[in-house]
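One structure is given below, encoded as structure tokens.
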Amino acid sequence: MLSVAILAAGRGTRMASSIPKVLHQLSGKTLLQRVIDSCKQLKPDNIYIIVGHKSRVVEDSILQNKGIHFIVQNPQKGTGHAIQVLSQKVKNHKGKLMVLNGDVPLIKAETLKKLIKFHDSKAADVSLITTMKENPYGYGRVFTKDNLIERIVEEKDCNKNERLNLLTNAGIYCFSWESLSKIINALKNKNKQKEIYLTDTISLLKKSYSFEVEDDRELQGINNRVQLSKCEETIQNLIKEKHMMGGVTFINPSSCTISEESTIGMDVIIEANTHIRGKSKISNNCKIGPNVFIKDTIINDNCEIINSTIFNSKIMDHVKIGPYSHIRPNSEISSQSKIGNFVEIKNSKINEEVKINHLSYIGDSKIGKCTNIGAGTITANFDGIKKYPTNIGKNSNIGANTVLIAPINLGDSVTTGAGSVITKDSRNNSLAIARSKQVNIENWKRNKPRD
Ligand code: UD1
Ligand code: MG
């Protein structure tokens, strides 16, 4: 039987934040959620999350919390105290108990699986992940003797010599729960921080093994914002390297961020300052950037997007967008269309080969194939209370500066006169003009200004 306990009760004082530490985000996911997601891959029998500081907020933050048990630790007297509280609240101490700090977010499920295998092969009381750190500042130092761990000394409790030890505790432990429960209540708080340390269980247990992991990138603990940003950099580097190996060119990778859930096709070129967030999918041969923000959007082959923002939309193939376009949620831009300078589109279906090249607002609209929307066209979709739709057929030509007062339907091959305010529906093949006629007054002179 495998149970998992994730420690998430601490305030995270060193973050200097009103948000609990484990709820800070890395590439769009909280630290805690990352640890949970890795643990879930082990298919444990139980997952316990130890909460305390702002426990409701922490509980509410968790996605798919079915089968997760929350254990409240109040007050928080240290990592060892957290497990004392768990041991009291859960009576059945059978099998293995894996304990993970909620602030070590990059831990991979594969590494956890290896830890369990190692633990089983040693029939250990406890096995814990250790790693050599070039700069071990802040981490508990691990002292071994004859292949067993003798003790762990926290940074604050180390003397000068002990501080030189580079072998650190990653904060991820696999206990035999039976062995642990025999000694858990013996932990004391005799240390500089007056906390009950979980690390003190090591010297109380007989068979304490170190499972050393060479690559320390996934074992970074986050106690402050400098460490948070380093972790973000690690995740981003891994994501971008993965895409580069899959055939994506990054012109200036350090200026770009890509979410883990996004996919990018082959021969895509990502220019500087491009950010692809949420669950986005970019297909082959696209050129994205510079200066593009895309979230939860599908982009098909051969698109070019420059200096633009796109949310929750679908862009078909060979579409050109930008510079300075804003595609808002629920829009679909079909093949070969072009959305240009300072154009905003919201909740609209733009069919194939449509051009909306300059200074327009298109909202709640359907635009037919091969229609040209002249510069400055506005769909007036809001009467102050409700939003209304605009439908324009195919092969139409909407003159520059047309205002379409929705709800309105224009047929196929409709032309509107430039500067018109269109309030009535127009049938196929018609010309709609709604503006006052020009009057030319011959030989007209301006009045002389008075003295
Ligand atoms: C801890 C380890 C240290 C290790 C490091 C790895 C101890 C005593 N020290 O130090 O050896 O190198 O992690 O990152 O364990 N928490 C609770 N209840 C509490 C206190 C803390 O749930 O009463 C939670 C925190 O929310 C956090 C985790 O336990 O998620 C670790 O606590 P933290 O204060 O960050 O410990 P470190 O100083 O990093
Ligand atoms: Mg920590």
Filtering the range 130-150 down to residues that are in a strand (DSSP E or B) and within 11 Å of ligand 1 (Cβ to nearest atom) yields Thr130, Thr131, Arg141, Val142
Condition set more than 39 Å from the chain's Cα centre (by Cα) and of a type outside the set (Gly, Ala, Ser), scope the range 188-219, selection surrounded by the most Cβ atoms within 10 Å (Cβ to Cβ): answer is Leu205
For the range 60-73 the number of residues that are within 14 Å of ligand 1 (Cβ to nearest atom) and out of contact with any strand residue (DSSP E or B) (no Cβ under 9 Å at 6 or more places or on another chain) is 0
Scanning the range 72-113 residue by residue, those touching a residue at least 12 places away in the same chain (Cβ under 8 Å), within 30 Å of Glu260 (Cα to Cα) and not hydrophobic (A, V, I, L, M, F, W, C) turn out to be Asn101, Gly102, Asp103, Pro105, Lys108, Thr111, Lys113
Conditions (1) within 16 Å of ligand 2 (Cβ to nearest atom); (2) surrounded by 19 or more Cβ atoms within 10 Å (Cβ to Cβ); (3) under 22 Å from the mean Cα position of the chain (by Cα); (4) β-branched (Val, Ile, Thr) -> Ile19 fails only (2)
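How do the strands (runs of 3 or more DSSP E) wholly within the range 162-256 filter down when requiring 3 or more residues that are farther than 25 Å from Ile83 by Cβ: which remain?
Answer list for the range 162-256: 248-250.
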Here the residues within the range 270-309 that are part of a loop (DSSP other than H, G, I, E, B), touching a Gly at 6+ places or on another chain (Cβ under 6 Å), at negative phi and surrounded by 17 or more Cβ atoms within 10 Å (Cβ to Cβ) are Glu271, Ser283, Ile306, Ser308
message = So, Thr416, is that one among the hydroxyl-bearing types (Ser, Thr, Tyr), over 41 Å from the mean Cα position of the chain (by Cα) and surrounded by 19 or more Cβ atoms within 10 Å (Cβ to Cβ) or not?
response = yes
Ser179 passes all but one of the listed conditions (1) more than 16 Å from ligand 2 (Cβ to nearest atom); (2) modelled with pLDDT under 95; the exception is number (2)
Restricted to the range 23-46 and to residues being of a type in the set (Val, Ile, Thr) and within 15 Å of the chain's Cα centre (by Cα), the residue nearest to ligand 1 (Cβ to nearest atom) is Val35
Of the residues in the range 172-227, those that are of a type in the set (Gly, Ala, Ser) and within 14 Å of ligand 1 (Cβ to nearest atom) come to Ser203, Ser208, Ser210, Gly221
For helices (runs of 4 or more DSSP H) lying entirely in the range 1-115, having 3 or more residues that are closer than 25 Å to Thr130 by Cα picks out 31-40, 79-89
Being within 15 Å of ligand 1 (Cβ to nearest atom), surrounded by fewer than 16 Cβ atoms within 10 Å (Cβ to Cβ), closer than 29 Å to Thr234 by Cα and within 30 Å of the chain's Cα centre (by Cα) narrows Val51, Val57, Val104, Val99 down to just Val57
Picking from Lys77, Lys66, the residue that is within 30 Å of Asp296 (Cα to Cα) and either within 16 Å of ligand 2 (Cβ to nearest atom) or of a type in the set (Lys, Arg) (or both) would be Lys66
Residue count, the range 151-161, condition within 10 Å of ligand 1 (Cβ to nearest atom) and either under 14 Å from Ser203 (Cβ atoms) or part of a loop (DSSP other than H, G, I, E, B) (or both), comes to 4
_On the basis of being surrounded by 19 or more Cβ atoms within 10 Å (Cβ to Cβ) and within 31 Å of the chain's Cα centre (by Cα), does Gly78 make the cut?_
yes
The condition from (1) more than 16 Å from ligand 2 (Cβ to nearest atom); (2) surrounded by fewer than 20 Cβ atoms within 10 Å (Cβ to Cβ) that Asn223 misses is numbered (1)
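The values are calculated or read from the model by the stated rules, or taken from the named source; none is laboratory data. Note that the structure is predicted; figures quoted are calculated from it, not measured. Note: ideal-geometry Cβ built from the backbone for every residue, glycine included; neighbour counts use all protein chains shown.
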